[in-house]
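The values are calculated or read from the model by the stated rules, or taken from the named source; none is laboratory data. As the structure is a computational prediction, the values presented were derived from the model and not from experiment. For neighbour counting, all protein chains shown are included, and Cβ atoms are generated from backbone atoms with ideal geometry for every residue, glycine included.
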Amino acid sequence: MTKKLTQPQRVIQFLKDNPNKRFTAREIAQEITKIYPEDYQEKRSGFNSERDFLQQIIAEIGGDRVARYLKEGIQTQDKPRPRVFWFSDHSATKTEKFEPKEIIENRQSEQALYPELMNYLHQEFGLFCLRINEKVSKKSRGANGNQWLHPDVVAMQTVDQSWNEHVKKCAKQSSGQSVKLWSFEVKVELNGSNVRSSFFQAVSNSSWANEGYLVATSIPDNILEELRILSALHGIGVILLVPNDLSQSEILLPAKQKLEVDWQSVNRIVTENSDFEKYIKYVSVYYQTGELFKNNWNK
């Protein structure tokens, strides 16, 4: 009876069978589960959906086994994300600079990224999110009166959701922070020509929140240092979003948390935008009653 290969061995064999071709963890997972279906039959049965099963395999491939891959001659590249793996056949000719297929496929409109971002934020941080549509804003201040006013996505973090009821009441009476408000500005990609304008747009429309972030699906290494400087000065964080594999998304630079919400700025946006008014209404309901009404969120 032939001994089954372990998963790292399957990954290594797949890459060696496809020398000089670079694959993301998702692409490898999709291929090896097709090549070795019997080996995954038992594991697959333990998941409620094929998506959850595949997500687990992706996480395992991209996790802490990288050192083992390296010992077997497998090469990896971490940036720009997502991480890619390949086996280098030195007899082959040098290839041009590689760009992951998923990055190319996911150069889509900002609007298409909003649901992906909300899924990531809800899954990873338990946030309750809403899309803010600038098109529903009033035009009372003229054509550019609301420029850089609206965040793309906002969120509420229920810090107190798992607290004891007596603790919740104490926090309310002492003005404790039971809720945090988050704000996000989304860009398809950041580069040398748009990084500063994109960052200061996030500063302008997210500085009211406890935490504000600039989000993009492509962030080259050569602008990370500038983002670090800007983030340290202004407190806005940076998130790399990988739409086809949300497990590879990450906070590159954490936002500086503010204890107080700038309610005057909040009121300015509320008076202009009905989506944002709805968001603040939901937050207000939670403050007063502790009720989430989950059907209102993440859309």
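Is at least one residue of segment 26-49 touching a Pro at 6+ places or on another chain (Cβ under 8 Å) and either surrounded by 12 or more Cβ atoms within 10 Å (Cβ to Cβ) or modelled with pLDDT under 80 (or both)?
Scanning segment 26-49 turns up at least one residue that is touching a Pro at 6+ places or on another chain (Cβ under 8 Å) and either surrounded by 12 or more Cβ atoms within 10 Å (Cβ to Cβ) or modelled with pLDDT under 80 (or both).
Conditions: (1) surrounded by 16 or more Cβ atoms within 10 Å (Cβ to Cβ); (2) modelled with pLDDT under 90; (3) among the acidic types (Asp, Glu). Asp64 meets all but one. Number of the miss?
(1)
Go through (1) modelled with pLDDT of 85 or more; (2) touching a Ser or Thr at 6+ places or on another chain (Cβ under 8 Å) and name the single condition Ile58 misses.
(1)
Any chance you could count how many residues in segment 258-286 are surrounded by 15 or more Cβ atoms within 10 Å (Cβ to Cβ), part of a loop (DSSP other than H, G, I, E, B) and charged (D, E, K, R)?
The number of residues fulfilling the criteria is 1.
Report yes if Ile74 is under 29 Å from the mean Cα position of the chain (by Cα), more than 25 Å from Asn119 (Cα to Cα) and not acidic (Asp, Glu), otherwise no.
Considered against the rule, which asks whether it is under 29 Å from the mean Cα position of the chain (by Cα), more than 25 Å from Asn119 (Cα to Cα) and not acidic (Asp, Glu), Ile74 comes out as yes.
Looking at the structure I just gave you, is Asn222 of a type in the set (S, T, N, Q), touching a strand residue (DSSP E or B) at 6+ places or on another chain (Cβ under 8 Å) and either at pLDDT below 95 or surrounded by 18 or more Cβ atoms within 10 Å (Cβ to Cβ) (or both)?
Considered against the rule, which asks whether it is of a type in the set (S, T, N, Q), touching a strand residue (DSSP E or B) at 6+ places or on another chain (Cβ under 8 Å) and either at pLDDT below 95 or surrounded by 18 or more Cβ atoms within 10 Å (Cβ to Cβ) (or both), Asn222 comes out as no.
Here are the criteria: (1) closer than 21 Å to Arg26 by Cβ; (2) at pLDDT below 75. Tell me which single one Glu72 does not satisfy.
(2)
Only residues in segment 44-72 that are closer than 28 Å to Ser88 by Cβ count as the first member; pair them with residues that are at pLDDT below 75 and not charged (D, E, K, R), Cβ under 8 angstrom, at least 6 apart or cross-chain, and list the lot.
Final answer for the pair search is Gly62/Pro82.
Mind checking whether some residue in segment 192-212 is under 20 Å from Thr24 (Cβ atoms) and modelled with pLDDT of 90 or more?
There is no residue in segment 192-212 that is under 20 Å from Thr24 (Cβ atoms) and modelled with pLDDT of 90 or more.
For Trp148, state whether it is in contact with a strand residue (DSSP E or B) (Cβ under 7 Å, 6 or more places away or on another chain) and at pLDDT 65 or above.
Against the criterion (in contact with a strand residue (DSSP E or B) (Cβ under 7 Å, 6 or more places away or on another chain) and at pLDDT 65 or above), Trp148 does not qualify.
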